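Presented below is the structure to which this report refers.
The values are calculated or read from the model by the stated rules, or taken from the named source; none is laboratory data. Here the structure is a predicted model, which means the values were calculated and not measured. For neighbour counting, all protein chains shown are included, and Cβ atoms are generated from backbone atoms with ideal geometry for every residue, glycine included.
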Protein chains: 2
Amino acid sequence: MIVGGVAAGPKVAARARRLMPDAEITVVDKGRYISYAGCGMPFYVDDQVGHFRELFNTGYGLPRDAEYFRSERGLNFLTRTEAVAVDRAGKQVLIRDLETSREKTLGYDRLVLATGAESVMPPLEGRELAGVFKFRDPGDAQAVKEYLERRNVQEAVVVGAGFIGIELAGALANLKLLTTVIEFQERILPLTLDADMARLLEERLAAAHGIEFRTGERVVRLEGDEQGRVRRVHTDRGACDAEVVIVAVGVRPNVQLAREAGLVLGETGAVAIDEHCRTSDPDIYACGDCVETTHRLTGEKVYSPFASAANRQGRVVADNLAGRPSVYRGVLGTAVLQAGTFNAGRTGLTEEHARRLGHQVVTSIAPQRDRTHYHPGSGMVILKVVADGRSGRLLGVQGIGPGEVVKRIDVAAAVLHFGGTVNDLLELDLGYAPPFNTPVDPLQHTANALVNKLDSIVETISADELKAKLDDDEDFVLLDVRVEKEAKHRKIDDPRRVLVTLSELRRRLAEIPRDKEIITICDIGVRSYEAYRLLRGAGFDRVKSVEGGMRTWPYGPASMF
Amino acid sequence: MIVGGVAAGPKVAARARRLMPDAEITVVDKGRYISYAGCGMPFYVDDQVGHFRELFNTGYGLPRDAEYFRSERGLNFLTRTEAVAVDRAGKQVLIRDLETSREKTLGYDRLVLATGAESVMPPLEGRELAGVFKFRDPGDAQAVKEYLERRNVQEAVVVGAGFIGIELAGALANLKLLTTVIEFQERILPLTLDADMARLLEERLAAAHGIEFRTGERVVRLEGDEQGRVRRVHTDRGACDAEVVIVAVGVRPNVQLAREAGLVLGETGAVAIDEHCRTSDPDIYACGDCVETTHRLTGEKVYSPFASAANRQGRVVADNLAGRPSVYRGVLGTAVLQAGTFNAGRTGLTEEHARRLGHQVVTSIAPQRDRTHYHPGSGMVILKVVADGRSGRLLGVQGIGPGEVVKRIDVAAAVLHFGGTVNDLLELDLGYAPPFNTPVDPLQHTANALVNKLDSIVETISADELKAKLDDDEDFVLLDVRVEKEAKHRKIDDPRRVLVTLSELRRRLAEIPRDKEIITICDIGVRSYEAYRLLRGAGFDRVKSVEGGMRTWPYGPASMF
C-alpha cells in the first residue's frame, strides 16, 4: 500500500508492479489530481504550457488518472481518499473517502509513505481575502490563472523569493504584470545562491523584466477592499498595491500520518529514512517530499523536496520492496530554475555554507558567453566556482544568466559526485562545437581563473570589495582597460577611474602612477587579468584585478546581459 | 618561438606572455589569417555567422590580427612567414617571408610546434575544376560562399561524411541547396557513431532537410563543363550532378617541419609528445592539430584534432615553458556537432570499439524528450549508453536528435573521466526543472534501461534484429501497444503486427497467442517494456521488447522527430 499519488508514490507503484506482477498494489491520495507535473505549474500560469490538461497527460496524450493507472499500470488507485491512521501492529491503514466520509481499513504487507509536502501559509491577517493564493497543486495554479484573467489583474505581489517565488515572478512578468517580490531575507534565493550571485540575478531580473524586489522586508498584513478582494500588502517597511498575492514562502513535509504512527522524524522535521528509504519501522518505507535526506558532501541531514530525488527514491523503494537491495545515497544540493529569460542554478555548497563548515574557501566568478560569441543565440552566463584551497577539492558551482547555465551545473554535479578537484574539472574532455560551447568551456574558464588565484598568478578583488574601497575614499587608480565604446555604454563614474585601453597600455605605462594601488577592470575580467600581468611584469607591486569585471558590478547603472 | 598562429599557438603565446613578462615570444604563421575560428566556418557558409570578420574578432569587436597580438598581448607575430627548417643543434629556425621570399634565421631557447593540420585532397581527376573546394581555412570558406552566390548554385555535393562534411551538408541544406553527401564508408560519421545511431541520424537528416546520402560509394572523378566548372561527380556506382563540390574527407597533421627536424612521429603519423606536450627533443614542445594524443580509456594513441584539446594543450605547454610542471592526460573521444536542426555527439567508446577491445558489452538505446513534453521547445534525443557488463563500468555515450544532446554527452564525459559506472550515472544529482530536463534525465533513463537489461528485468531486441526476423519470415507476433493515433501515423506494415493498446492489454490477454514469440513495440520503448513485464507476469515465456521503439526504426516509412 502506498500513501500519496503525485510523484514518488506513482513511481514506486509503477516499478513495483513491473517487478512484482502478482502483488496487490493500492495507492491512496486525498487529492483530486494525481501524478501531476507540479514543477510545470509556473509555466502554465504564463501560457508556456498550452493547456491545463498537459500537466496530467502522458507524452502520447492520455490523462494520468486513476483509470490510466488501473488499465496501463495494473494499479488500484483511490483518489479523494485520505489515509487517516496507521495501525503498525495490525499492519493496516484507516482510510476515509473524502466524498462520502466513509471509512475503512486496508491491510498491508509493506507500506510506503509518499505524503509529500504542503505550502507554508503564515497566519497573516487578510490571508482569507479573494486574490490571495498559495501555489502548491494544480487547483492553485488554475485558480491563480482564472483570477488573473477574470479580474484583469495588473499588479501582482509574490511573497517569498525562493524557487517557486522567483519562477512565479518570472511567469507574472512574462504576462506583463507589474510584479513585486517581497522577501524577508536580505536577498533572493537565500537557500540556493551566495549573496553576490543572488544580487546579480536580482539586478538582471529587475532590469530585464521590471520585477521589483523588496528584500529584507516582512509582510505583516494584507488589506482588502469592500468586496473582500486583496488590494494592498503591508510590510514592516511600507506597503504596496496588489490585486493578487501569491504566498510562496516555502513548503513543509506532510508528516502527520508518520508522526501519529510513531515513526521517527529527523532533525529537519521530515520523515527519517535509512539509505534503503526505510523508516524506523522496517515494514514502512518513505520517499519524496515527506522525507529528509543526506547531503552527500557534508553528511548533514537536509530537506530537499525535488522531483528528481522523488523519482530516484521511488525506484529505490520499489527495488527494495521487490527484494532487490538498492540504496539512495542522498543529494548534492543541485537545484535549477528558469525565471523570465534567466536561468539559475547551484550544485554542491555555496561559499557561505563551505565557510561555515570550516573550509579554507577559494572562489572565482567569471562571466562568459555560453557559446562562441559569433554564433547566433549565444548568451551570457556568470559562473561561480567554490573550492577548498588546501585540497583543491571542488565544493560547489553556482550559475546565472540568459545562457546555458544548467549544463555547467550538471557537469559540476558529476564532478562533485566523485569528490573531484578543480583540476579534474579542467581535465574534462567536454564537447566543443560553436553552437554549444567555447573551446574553453565557461566552467573550465572559471576553474582556470580559480587556479590562477591559487597559484598566485593573479590577485583579484570582488565587486563588493571595490565598492567598499570606493566608498571609503581610498586612494587608488581604477584602471579601466576596455575599449571606449564599452566604457561609454556603462562605467563606474568616479574620478579615480582612468580609461587606458589594453591595447594602449604597454606604450602608456609611464602614465600609470607607481606610488598608488592599481585596480584593473574590464568587461568580464579577462583583459583586466591581462593588464594585471602586464603591470606586474613592468614592476608595479600593488595591483589587483576586479574579478568578473563590470558584468559582476551590481551597483548601477543598470546592466543587461 | 612558436610555429603556428591559429589555435594552439596563440594560446601558448598568450599564456606564456602572462607567466613570463620578460620573455621574447615570436609566433610565425605562413597564412594570412591567424587566430581564426575555424570551427565556425560551416556556420558562416549558411549565414548563421553574420559577417566574415566575426571569425577573427574578439567578443569586444577587435580583429585578432598581428597588431592585436602585438599591442594587447605583447607578442611578436609574423604572418605569411613560413618556418622552413629547424636546426636543433644550433637552436634556430630558418623562416621565409612568403611575400618577399626573403629568408632568415631566428634563434630559440624553446620551440613550440603548433603547425596544425591540412585537408586531405585525394588525387581525383577534375579536382582543379572551378567549383571544387576543400574546406580548411577562412579563405576556403569565403571562396565557397562567394562561388555559391556568384553562380547561384542549386546542386551541391559534399565528399566525405565526417564532422566537417556533415556540418557542411547541414549548412548547404539550410541554404536550400539540393545537397548530396558521398561517403566511401557504409555510413555517415564512421569514426564517431555506431552504425545504428549513424543510420538514425542519416534517416532524420534526409527526412528533415532533404539531404541525399550515398554511403558505401567512392568518388572516382569529377567532370567539368566547357568553362572548366564542375558539373558532375562520378562514383564507382553512378553519378550525380553538382555545381559545387566540397571535399571534406579528413585532415592530416602538418608534420613536415617536425619530420625533417628528426623529431619522433607517433603511430598515427602525428608528432609524438609526452604528457608534458614535449616532443622527442626536450627543448621542443608541440600541441594542437599536429600532435597525437592518448585515449584515456584505452591508452591507445589517437589523432584527435579538436579545438578544445588544442586550447588545453596550449595552456599546458605555456605552464611548462614557464617552469610550472603541468600535464595533459589525453582525450575521452568526446566530439559533438550540429547539422541543420540536429545535434549529435559521442564521448568514450562506441559499441564497436568496445567490442574490439574485448569488453563484454551491454548497450541501451532510448529516445526521450530533452525536457518535459509539455514545455515549449522540447525536442527528442536518442541516447545510446555503452557499458561493460562485467564491471558495470560506463564505456561511452552517443546521442543524436533535435533536442539537447550535448549536455548529456558532457555529463557522461565527466563520469568517464572518473572511470565511473552506470550506477554512478544513475546516482548523479542533476538539475531538474521543466525547461531543462525531465525528472529522470534522458541519460539516466537510458542508463536505467541498461540496468534493467543487466538485471534481466527485460529482454530486448534492436530494430535491426526485428528487421532480420521480419525478413526471415519468422513466425511471431509483433505486439504494437501504442494508441491508435500513433499507430496510424507510422507503423511497420506487416501481417504479424497486432495493435493492442497498452491500456487494453490486461483485459485482452486471451487474444495473445501463448504458443508464439511476442515482440512488443511502442513509440520509445517504455510501454513495450511495461507490456513485456505484464506478459511475463501473466506467464508468457517468449517475450521481447523492441528497444527504443518505432523511434529507432529506420526502415520506413520516413520518421520525423
* Asked: Within region B:172-194, how many residues turn out to be over 14 Å from the mean Cα position of the chain (by Cα) and either assigned to a loop (DSSP other than H, G, I, E, B) or within 19 Å of B:D464 (Cβ to Cβ) (or both)?
  -> 6
* Unique residue being modelled with pLDDT of 95 or more, within 24 Å of A:G396 (Cβ to Cβ), out of contact with any strand residue (DSSP E or B) (no Cβ under 8 Å at 6 or more places or on another chain) and small (G, A, S) when the list is B:A414, B:A510 -> B:A414
* To do: State yes or no: is A:G269 free of Cβ contacts under 8 Å to residues at least 40 places away in the same chain, within 14 Å of chain B (Cβ to nearest Cβ) and over 20 Å from the mean Cα position of the chain (by Cα)?
  => no
* Give B:V317, B:V336 a once-over and let me know the one that is under 15 Å from the mean Cα position of the chain (by Cα), modelled with pLDDT of 95 or more and not assigned by TED's automatic domain parsing to the domain that holds B:G377. => B:V336
* Structure fact -> Within region B:486-497, of all residues that are touching a residue at least 24 places away in the same chain (Cβ under 8 Å) and within 34 Å of the chain's Cα centre (by Cα), the one farthest from the other protein chains (Cβ to nearest Cβ) is B:I492
* Return yes or no: is B:E404 surrounded by 21 or more Cβ atoms within 10 Å (Cβ to Cβ), within 9 Å of another protein chain (Cβ to nearest Cβ) and among the acidic types (D, E)? => yes
* Quick one: is A:L263 in a helix (DSSP H, G or I), in contact with a strand residue (DSSP E or B) (Cβ under 7 Å, 6 or more places away or on another chain) and on the phi < 0 side of the Ramachandran plot? -> no
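Using the structure shown, decide if B:R506 is within 29 Å of A:M20 (Cα to Cα) and among the charged types (D, E, K, R). Outline the logic, then answer.
Values: within 29 Å of A:M20 (Cα to Cα): yes; among the charged types (D, E, K, R): yes.
Answer is yes for this residue.
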* Looking only at region B:417-466, which residues are acidic (D, E) and out of contact with any strand residue (DSSP E or B) (no Cβ under 9 Å at 6 or more places or on another chain)? -> B:E427, B:D455, B:D464
* To do: Sort out which residues of region A:418-438 are surrounded by 24 or more Cβ atoms within 10 Å (Cβ to Cβ) and at the interface with chain B (Cβ under 8 Å from one of its Cβ atoms), and write them in order of number.
  => A:L428, A:D429, A:L430, A:G431, A:Y432, A:A433, A:P434, A:F436, A:N437
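Given the criterion over 14 Å from B:H209 (Cβ atoms), touching a residue at least 24 places away in the same chain (Cβ under 8 Å) and surrounded by fewer than 24 Cβ atoms within 10 Å (Cβ to Cβ), identify the matching residue among B:R150, B:R187.
Just a single option satisfies the conditions, and that option is B:R187.
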* Structure fact -> Counting only residues that are within 14 Å of another protein chain (Cβ to nearest Cβ) and assigned to a strand (DSSP E or B), region B:344-380 contains a total of 10
* For region B:298-315, enumerate the residues that are more than 23 Å from B:E118 (Cβ to Cβ) and facing another protein chain (nearest Cβ under 10 Å). => B:R315
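For region A:409-446, how many residues are assigned to a helix (DSSP H, G or I) and polar (S, T, N, Q)?
Matching residues across region A:409-446 total 3.
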* Among the residues of region A:44-84, which ones are under 19 Å from B:E484 (Cα atoms), within 31 Å of the chain's Cα centre (by Cα) and surrounded by 21 or more Cβ atoms within 10 Å (Cβ to Cβ)? -> A:R64
* To do: Considering every residue within region A:40-53, establish whether at least one is touching a Gly at 6+ places or on another chain (Cβ under 6 Å), more than 21 Å from A:G139 (Cα to Cα), within 11 Å of chain B (Cβ to nearest Cβ) and not aromatic (F, W, Y).
  => no
* Structure fact -> Filtering region B:455-485 for residues that are touching a residue at least 40 places away in the same chain (Cβ under 8 Å), closer than 23 Å to B:D196 by Cβ and buried (at least 16 other Cβ atoms within 10 Å of the Cβ) leaves a count of 14
* To do: Go through (1) without any contact (Cβ under 8 Å) to a residue 60 or more places away in the chain; (2) crowded, with 17+ Cβ neighbours inside 10 Å; (3) under 24 Å from A:S119 (Cβ atoms); (4) among the small types (G, A, S) and name the single condition A:G333 misses.
  => (1)
* Qualifying residue in region B:447-465 (condition: closer than 21 Å to A:L428 by Cβ and either more than 13 Å from chain A (Cβ to nearest Cβ) or in a helix (DSSP H, G or I) (or both)) -> yes
* Any pair with Cβ under 6 angstrom, 6 or more apart, that starts in region B:514-543 at a residue that is over 17 Å from B:K453 (Cβ atoms) and at the interface with chain A (Cβ under 9 Å from one of its Cβ atoms) and ends at one that is surrounded by fewer than 22 Cβ atoms within 10 Å (Cβ to Cβ) and among the hydrophobic types (A, V, I, L, M, F, W, C) -> B:A538/B:L509
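Okay, residues lined up against (1) touching a His at 6+ places or on another chain (Cβ under 9 Å); (2) in a loop (DSSP other than H, G, I, E, B); (3) surrounded by fewer than 18 Cβ atoms within 10 Å (Cβ to Cβ):
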| position | (1), (2), (3) |
| --- | --- |
| A:V220 | yes, no, yes |
| A:V230 | no, no, no |
| A:V233 | no, no, no |
| A:S280 | no, yes, yes |
| A:Y285 | yes, no, no |
| A:D289 | no, no, no |
| A:S304 | yes, yes, no |
* Structure fact -> Checked A:T105, A:T100 against criteria (away from chain B (no Cβ under 11 Å), out of contact with any Gly (no Cβ under 6 Å at 6 or more places or on another chain) and assigned to a loop (DSSP other than H, G, I, E, B)); the one match is A:T100
* Asked: Within region B:132-147, how many residues turn out to be under 16 Å from B:V219 (Cα atoms) and either assigned to a loop (DSSP other than H, G, I, E, B) or under 21 Å from the mean Cα position of the chain (by Cα) (or both)?
  -> 1
* Please go through region B:11-39 and pick out each residue that is under 28 Å from the mean Cα position of the chain (by Cα) and within 11 Å of chain A (Cβ to nearest Cβ). => B:K11, B:Y36, B:A37, B:G38, B:C39
* Taking region A:45-66 only, how many residues are in contact with a helix residue (DSSP H, G or I) (Cβ under 8 Å, 6 or more places away or on another chain) and either within 15 Å of A:V28 (Cα to Cα) or in the same structural domain as A:G139 (by TED's automatic domain parsing) (or both)? -> 1
* Structure fact -> Flagged in region B:316-327 as surrounded by fewer than 24 Cβ atoms within 10 Å (Cβ to Cβ) and not β-branched (V, I, T), in numbering order, are B:D319, B:N320, B:L321, B:A322, B:G323, B:R324, B:P325, B:S326
